[in-house]
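What follows is a single structure, written as structure tokens, with notes after it.
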Amino acid sequence: MTAKPGIAIVGAGNLGSALAVSLRRAGYAIESVVAQGRGASLKKAQELAKEVGAVASVGLADESRANVVWLCVPDGEIARAARVLAASGKWTGRFALHSSGALASDELAALRRRGASVASVHPMMTFVRGSRPSLVGVPFAVEGDAAAVRVARRIVDDLGGNAHTIRTKDKAAYHAWGAFASPLFTALLGTSEQVAASAGVPREQARRRVIPILLQTLANYASFGAPGAFSGPIVRGDVNTVKKHLRALARVPPARDVYVALARAALRYLPAKKRSSLARVLVD
């Protein structure tokens with residue numbers, strides 16, 4: 001395929017919207033934005049279609065000429081959406097992609113049986129309402145049929161991303177890794193706000209005050225890796241400070257549980273002095 005293929009985006013949520021905008025900027029024609037139903041789903045599709053110069057529709061029109069159909073729907077809806085799409089139009093020679101990090105291309109089996117070449121193409125990026133992150137430099141995990149993988153790799157390259165192969169059996173662990181990097185990291189930050197509140201610092205102030213240390217921590221991690229970026233009482237073997245932390249956190253039991261779990265992980269994976277003494281404190 002020498003020319004850039006026309007693309008239909010199924011789903012106009014956070015991921016689908018960011019992807020459609022990035023594809024348009026990369027020179028791809030967004031042929032249609034497909035809603036799975038009327039009401040709010042169709043309204044979102046219409047708004048996104050207007051933004052990227054496409055048409056909005058409920059379901060993929062039989063006359064659609066998009067060579068690539070990219071499903072950007074929640075994981076639990078991918079197989080069902082594929083079955084619905086398979087019931088209309090011709091699929092031989094077309095490419096169907098989905099962007100689940102945990103699920104493999106087999107979720108698109110209904111389209112594969114109709115002649116489509118299928119792949120999963122997952123960007124390691126977070127997409128939230130009100131944010132349209134650039135995909136330049138973003139790694140994409142790709143697996144599936146050879147022809148679809150070739151097309152996906154070319155698209156990722158045009159987006160400025162970096163495609164890498166992932167084995168089907170590794171997808172769940174890969175996605176769990178991503179969960180640690182963003183949603184669970186965000187959960188940690190949310191938990192830290194509760195600890196700040198117990199120290200008399202309101203949530204909004206806590207968020208502002210913590211940004212400098214967060215940015216420096218990420219910079220240290222990028223430069224030196226986890227061992228070189230690790231600091232604080234555990235790396236120093238400061239048992240008494242850890243004891244004080246645990247006593248203070250008794251006022252916020254869920255945060256105490258998180259602290260203990262992460263401290264135990266630190267003893268296992270990161271530099272630390274007085275490991276045995278610290279381990280005993282965390283058990284007690």
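Below is a table of values for the structure above.
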quantity	calculated
Yes/no for GLY101 being touching a residue at least 12 places away in the same chain (Cβ under 8 Å), touching a His at 6+ places or on another chain (Cβ under 6 Å) and farther than 18 Å from TYR28 by Cβ	yes
Sole residue being assigned to a loop (DSSP other than H, G, I, E, B) and either surrounded by fewer than 16 Cβ atoms within 10 Å (Cβ to Cβ) or not small (Gly, Ala, Ser) (or both), chosen from LEU103, LEU85	LEU103
Which listed residue, of THR191, THR186, is exposed (fewer than 14 other Cβ atoms within 10 Å of the Cβ), assigned to a helix (DSSP H, G or I), among the polar types (S, T, N, Q) and under 23 Å from the mean Cα position of the chain (by Cα)	THR186
Any hit, the range 248-267, residues being in contact (Cβ under 8 Å) with a residue 24 or more places away in the chain and of a type in the set (Val, Ile, Thr)	yes
Only listed residue being in a helix (DSSP H, G or I), at pLDDT 95 or above and either among the basic types (Lys, Arg) or not assigned by TED's automatic domain parsing to the domain that holds ALA119 (or both), chosen from VAL151, VAL201, VAL156, VAL210	VAL210
Sole exception among (1) among the small types (Gly, Ala, Ser); (2) assigned to a helix (DSSP H, G or I); (3) in contact (Cβ under 8 Å) with a residue 40 or more places away in the chain for ALA173, by number	(3)
Qualifying positions in the range 27-54 - under 13 Å from VAL69 (Cα atoms), among the hydroxyl-bearing types (Ser, Thr, Tyr) and either free of Cβ contacts under 8 Å to residues at least 12 places away in the same chain or not in a strand (DSSP E or B) (or both)	TYR28
Count of the range 184-205 residues which are farther than 17 Å from HIS245 by Cβ and of a type in the set (A, V, I, L, M)	3
Top-ranked residue in the range 106-124 [being surrounded by 19 or more Cβ atoms within 10 Å (Cβ to Cβ) and within 19 Å of the chain's Cα centre (by Cα); ranked as farthest from LYS4 (Cα to Cα)]	GLU107
Count of residues meeting criterion [in contact with a helix residue (DSSP H, G or I) (Cβ under 7 Å, 6 or more places away or on another chain) and without any contact (Cβ under 8 Å) to a residue 12 or more places away in the chain] in the range 202-227	3
Only listed residue being surrounded by fewer than 21 Cβ atoms within 10 Å (Cβ to Cβ), farther than 22 Å from ARG153 by Cβ and without any contact (Cβ under 8 Å) to a residue 40 or more places away in the chain, chosen from ARG24, ARG80	ARG80
Scan of the range 218-238 for residues that are among the small types (Gly, Ala, Ser) and closer than 16 Å to LEU278 by Cα, ordered by number	SER231, GLY232, GLY237
From the options ILE234, ILE213, residue that is under 23 Å from TYR269 (Cβ atoms) and exposed (fewer than 11 other Cβ atoms within 10 Å of the Cβ)	ILE213
Identity of the residue in the range 270-284, assigned to a helix (DSSP H, G or I) and among the small types (Gly, Ala, Ser), that ends up surrounded by the most Cβ atoms within 10 Å (Cβ to Cβ)	ALA279
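The values are calculated or read from the model by the stated rules, or taken from the named source; none is laboratory data. Computed from a predicted structure; not experimentally measured. Methodologically, a virtual Cβ is constructed for each residue, glycine included, from the backbone with ideal geometry; neighbour enumeration extends over all protein chains shown.
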